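Participant: First the structure, then my questions, so here it is.
Where a number appears in this text, it was derived from the coordinates with a stated rule and is not lab data. As the structure is a prediction and not an experimental result, all values here were calculated from the model. Using ideal geometry, Cβ is built from the backbone for each residue, glycine included, and neighbour counts are taken over all protein chains shown.
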Amino acid sequence: MGATHSIVDAKRSSPSPGGDPTGRQPASTAALLGPHAPSFAAVVVLQVVGAVAGLAPLFAVIELGRALVSPGPVDTERVWTAVALGATGLFVRLVFTGASSGLGHVLDGRVQLSLRRALARSLGQAPIGWLARRRSGELARVVGDDVAAVHPFIAHAPGELVSAFVVPLVSLAYLLTVDWRLTLITLIPVALALAHVPLLMTAARTREQRDFDAAMGRIATSVVEFVQGIAVVKAFGGAERAHHRFRTAADEFVDIFTHWVRGVSAVAAGMQLALSPPFVLLVVLTGGTMRITSGDLVPVDLLPFLLLGLGLTAPVAALGHGFDDMQAAGRAVGRIREVLGVGVLPQPACPAIPRDNRVELRDVRFGYDDGPEVLRGIDLTLEPGTLTAVVGPSGSGKSTLGQLLPRFFDPTHGSVRLGGVDLRDIDARELYRRVSFVLQDVRLLRASVADNIALAVPHATAEQITRAARLAHIHDRILALPNGYETVLGQDATLSGGEAQRIAIARALAADPPVLVLDEATAFADPRTDQAVRQTLSTLRDRTVLVIAHRLETVADADQVVLLENGVVAARGRPTDLLARDGTFAAFWRTRQEDLSR
Amino acid sequence: MISLLLRVLGDEYATPMRRTVALMTVTAVLEGLLYALLVPVLRALFGDNPSDAGPWLIAFAVSVAAYAALRYTSDLSGMRVGTTMLRGMYHGLGEHLARLPVGWYDAARVGEVSVLASRGLLTAMGVSAHLLGPFISACVTPLTIVAVIAVFNWQLGLAALVAAPLVVLTQRWTARLMTANDADHAARDHEASARVIEYLQAQPVLRAGGRGGERFALLDDALRDVERAARRQTISVLPAVVGLTLTVQAVFTALLVLGSHLALGGDIGSAEILAVLVLAARAADPLLSLSDTGGKLRAARAELARLDTVLRTEPLPEPDRPVRPRRFDLEFDAVTFRHGDRTVLDGVSLSVPQGQRMAVVGPSGAGKSTLLQLIARFYDVESGAVRVGGVDVRRIDPGVLLAQIAIVFQDVYLFDGTIEENVRLGRPDAGDAEVRAAATAARLDEVVERLPGGWGANVGEGGASLSGGERQRVSIARALLRDAPIVLLDEVTSALDPVNEAAVHEGIERLMPGRTVIMVTHRMRTVRRADRVVFLDDGRVVEEGSHEELLRRGGRYADFWSLSTASGVPGAAPSPRRASDGEGA
């Protein structure tokens, strides 16, 4: 599901680099990179030494020229010294750039690993509410693709950029000593190329870039729509429509793209031309010939310009070269920093221990971010040893209510108390030890069945695990799997939806919590799972249980029923009492009743 | 590479593509040739009369002008072909996607196809616009230069030519190493990505065990594997990358040594040898950039190959002479269907007379939904036949077949548009009154009332602003509007809260009369209204008969229900909890 939307979201959610929407201090990527600084320095130094050494053969040719052209007999020794120098330079270059590249990539791997670990740590502490509002696929992209996109920043950029400037500077310094006028002439192509740059950055170009991004986003959306709705599309003959939409989005995108390319490509092609070796050589030769015929330049001094002059264009080329990659990397870093900067739910300074397992909600209000309030003043007490069933139409705030107990969110107003203590004053571990939950959405890990059941109780014994599995009516099914409890789910075997739900129930039972929140919402896929749920509820009779109920049976068995409507408690009481009143509850109760009576 | 590109593109783009490649090649050759003029220019400048260089210099300037014109044209041509191709590829991909069977689209496809349609196509286009030019020039120009050198001095030319096979070999070698490693790397990345998603989704549970902050071993192992794979890749590819540099540098050194030797021996003039060395430097630079360009081309190639795979997936065959069914009874005749290596349906035979209702019951994974999908021909059977009105579905025109069927799924996807637009999908030419009537019958009017914006309210991508039950009401309205003789219901009411369930049920009741219905369900209430019940397990029909018959028989079916009626249901045995509640309901 997440990956489905990743492209759209990447477009929508890419903040400007350095942007920090959480408002906390920006998590410093520099701090993460700090320990690697010496390695970075080594990469850069090796690269620069290698690149500068790469000039040696060119100097050797220049020296050879001087030796050959100088009047009198040729100084053989000078020639061979020059050749040896050139060969040595090449060898040094080979070794140093090779070492730099190797080290750079190894370093890159290490930095990526530490970034990913930091991200995992950050995600492991982010408020569940924050995670819930993001698509897992999108976050996985930050950990995966975005970290990988930093690659050019780490493995290539430092060394290549530094040498793209150092090497031309060395050449430039040398050329200036030979003939400063011809040096200036040699720089003409560079100046011409640079003159193109403002043309690439006009307001119109920026606007086109924005249009481009937007059109790209539309394509991604229409593809997702096309593919996700394909069954409907086919079944209801909507293929034309969805296909048409995709085509329109694609055509529009290509138009914008073509327009953009047309604007940019002429300029880019002009720039490429100015930097192309034939043009640079033409400029150097023309300038050189003028200087030589006027007698201001010794012919052989033209040689350095022919050989080194081309290298002067390197910085401009380097700027254009990795520019897209670098921009992408910048955007990726922005997203990484956003995740690293996510706050953890504040933990109490001096945690209090709850007296018992009574849960109280006092005037609880809650809204997601800037959205409308989902819960609007809930007062509710869950006595230990009772089962409270929450019912209500979809969108009434039932699930949100359930999620406040394990503190996935903190209420925006009022308080949730456990054993007389505000959840915010309870140590996270203590809270989770006491409050367990079975969510709508069952997620099994690609790990052994035993690990899956013991997820919340890492040191559970085999007996505990089997007991929980038996209670959840899944023990026999597990024994039928290829490796029993050691079967790796999703790899050795796949479970059906109902079976997965039973594993989730076993999980909650293994944790053996005094307070349990159970969300029945998802189709409990088969009667067997229904029974497991019911058995679980009766097993836990001495606990404090809150059920987001969807099945009439659960409601009938509850000690207390709470009917939630539009974020407020519309009715509450024992099921029988509620029925006596002729309200909404009685209305949908009757609907079900008719169906169940034979 | 080019052939793969051309195959992905289709024939119509082959000609402009070939023309662009030709133009780029000519440009690259011209670049190599014009360097030859360096020799006479330098000879004149180093000679007694430097002004003799003038005419040669003019010739050089003219060649550069010609080169500039060609290069500019070929750059723009590359861009133009690229954008034209992009449009063609979008259209081709769209048409192809629309023709692929529904069964092809599983959960993973959505992500895959989205990536292909955005990044994939752009990469493919980038080959023509950005990569092909530099690549051709990096190959052709040095070769031309070597030829030029050979013209001036055959020994030096021969020495330079040695580089050619070596460069080709190292490039091949690098490509092989890279491909092997890329696959490994991609697999690790994929694994890590899956682990991250898992880790995120398991957060609530992990935290319940107080494990939120700690390193999660499964994920950490995957991340370390990615790093190790990256390191292995670096180390194994490094020799090949260094190999290219080494080759180019060794040959340059050889030219330097040989040139010096020849010059000292007087076999070649100073100007010539210097010009040759300048030329050699010109040949070396693009060759060194070859590893970079080559890497990018390989990346693009991988993307193209994925595109190619999708484009070469065959849609379900369409009949040459389609037959129109005249009746609407349904029949499965010894149907076997496999998905991957799992047998989903194993020799299933059953039939539903026209106008009757059949309920399909069974544990999850029994193949119930597949049964419905085979009627709508989302897949084709492996053996046996599915018939509508006695006609094999493979002999019916797919459009005609689907026009006879209304499907209501458990999970309903709505298009980003208004409720009305989504209902109207059922029959685009329906009048407003008909649309409203269908909506009312499906109790969609209640939903519309609740929504700000009413009928004109946008339902969001996938129908996100509606709840599951509300989306189902839309899909029932759609089906009602469609008025098709065959109705397929897939676990329609299993995921609903009581209010929505009542509404949906009412809609279904209105939908079923007079039509042939197959419904997959595990709600007793629905099953009891069926004429026949089939109990499916593990892809086989285990029991078949009316609800009452099957209950009396006391087999699997009766077992199945006894589970869910054992307790908690009024009139059945009291549950432990209800005992303490006194009266209960």
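Participant: Within 10 Å of each Cβ in A:215-222, how many Cβ atoms from other chains are there, averaged over the peptide?
Facilitator: Details: counts 0, 3, 1, 0, 6, 5, 3, 4.
The per-residue average across the peptide is 3.
Participant: If I take R0 = 35 Å and measure r between the Cβ atoms of B:ALA147 and B:ALA187 in this structure, what FRET efficiency does the formula 1/(1 + (r/R0)^6) give, to the nearest 0.05? Each step should come with its number before you reach the end.
Facilitator: Working: r = 44 Å, r/R0 = 1.27.
So, using R0 = 35 Å, E works out to roughly 0.20.
Participant: Let me ask another. Between B:ARG312 and A:TRP80, what FRET efficiency comes out of the Förster formula 1/(1 + (r/R0)^6) with R0 = 60 Å and r the beta carbon distance, rounded to 0.05? Write out the running numbers ahead of the final one.
Facilitator: Numbers: r = 61 Å, r/R0 = 1.01.
So, using R0 = 60 Å, E works out to roughly 0.50.
Participant: Could you let me know the centre-to-centre spacing of the range B:1-64 and the range B:408-459, using Cα atoms, in angstrom?
Facilitator: 64 Å
Participant: Hey, got the dipole for the range B:330-568? About the Cα centre, +1 on K and R Cβ, -1 on D and E Cβ, debye to the nearest 20?
Facilitator: On the way: 28 positive and 35 negative charges, 93 e Å.
Dipole of the range B:330-568, to the nearest 20 debye: 440 debye.
Participant: Follow-up. Going 7 Å from the Cα of B:HIS261 along its beta-carbon direction, which residues of the range A:63-94 have the amide nitrogen within less than 19 Å of the resulting point?
Facilitator: Label zone hits: A:64-65, A:68, A:75-88.
Participant: Calculate the mean, over all residues of peptide A:116-123, of how many other protein chain Cβ atoms lie within 10 angstrom of the residue's Cβ.
Facilitator: Values: counts 9, 6, 0, 2, 9, 5, 1, 7.
What the average comes to for A:116-123 is 5.
Participant: Next question, about the same structure. With 10 Å bins from zero, work out the P(r) of the range B:154-267 over every alpha carbon pair and list the percent per bin.
Facilitator: Cα pair-distance distribution for the range B:154-267, in percent: 13, 25, 18, 15, 12, 9, 6, 3, 0.
Participant: Using only the Cα atoms of the range B:330-568, what are the Rg and Dmax in Å?
Facilitator: 18.2, 54
Participant: Helix-only mean residue ellipticity at 222 nm, chain B, DSSP H runs n ≥ 4 weighted -39,500 (n - 2.57), per residue, nearest 500. What is it?
Facilitator: Details: 23 runs with 356 residues, N = 585.
Calculated from helices alone, the mean residue ellipticity at 222 nm is -20000 deg cm²/dmol.
Participant: When N is the residue count of the protein assembly as shown, what does its C-alpha Rg come to as a fraction of 2.2 N^0.38 Å? Don't skip to the answer; put the middle values down first.
Facilitator: Working: Rg = 36.7 Å, N = 1183, 2.2 N^0.38 = 32.4 Å.
In units of the 2.2 N^0.38 Å rule of thumb, it is 1.13.
Participant: Can you give the Rg/Rh ratio of chain B, where Rg is from the C-alpha atoms and Rh is the Kirkwood radius?
Facilitator: 1.17
Participant: Here is a further query. Residues of A:304-316, mean number of Cβ from any other protein chain within 10 Å of their own Cβ, rounded to a whole number?
Facilitator: Details: counts 0, 0, 9, 5, 1, 0, 4, 2, 0, 0, 0, 0, 0.
Mean inter-chain Cβ contacts per residue within 10 Å come to 2.
Participant: To continue, here is another question. Considering the zone a paramagnetic label at A:ALA352 would reach in this model (a point 7 Å from Cα along the Cα-to-Cβ line), which residues of the range A:398-426 have amide N under 14 Å from it?
Facilitator: Residues passing the 14 Å test: A:415-426.
Participant: May I pose another question? Sort B:GLU198, B:GLU382 by Cβ crowding within 10 Å, fewest neighbours at the top.
Facilitator: Working: B:GLU198 22, B:GLU382 14.
Ranked by crowding around the Cβ, least crowded first: B:GLU382, B:GLU198.
Participant: Now, a different point. Could you work out the mean projected area of the convex hull around the alpha carbons of the range B:81-154, in square nanometres to one decimal?
Facilitator: Values: hull surface 28.4 nm².
If you wrap the Cα atoms of the range B:81-154 in a convex hull and average its projections, you get 7.1 nm².
Participant: Go through B:LEU45, A:ILE503, A:LEU578 and say which Cα lies farthest out towards the positive end of the charge dipole of the protein assembly as shown; charges sit on Cβ, +1 for Lys and Arg, -1 for Asp and Glu.
Facilitator: Of B:LEU45, A:ILE503, A:LEU578, it is A:LEU578.
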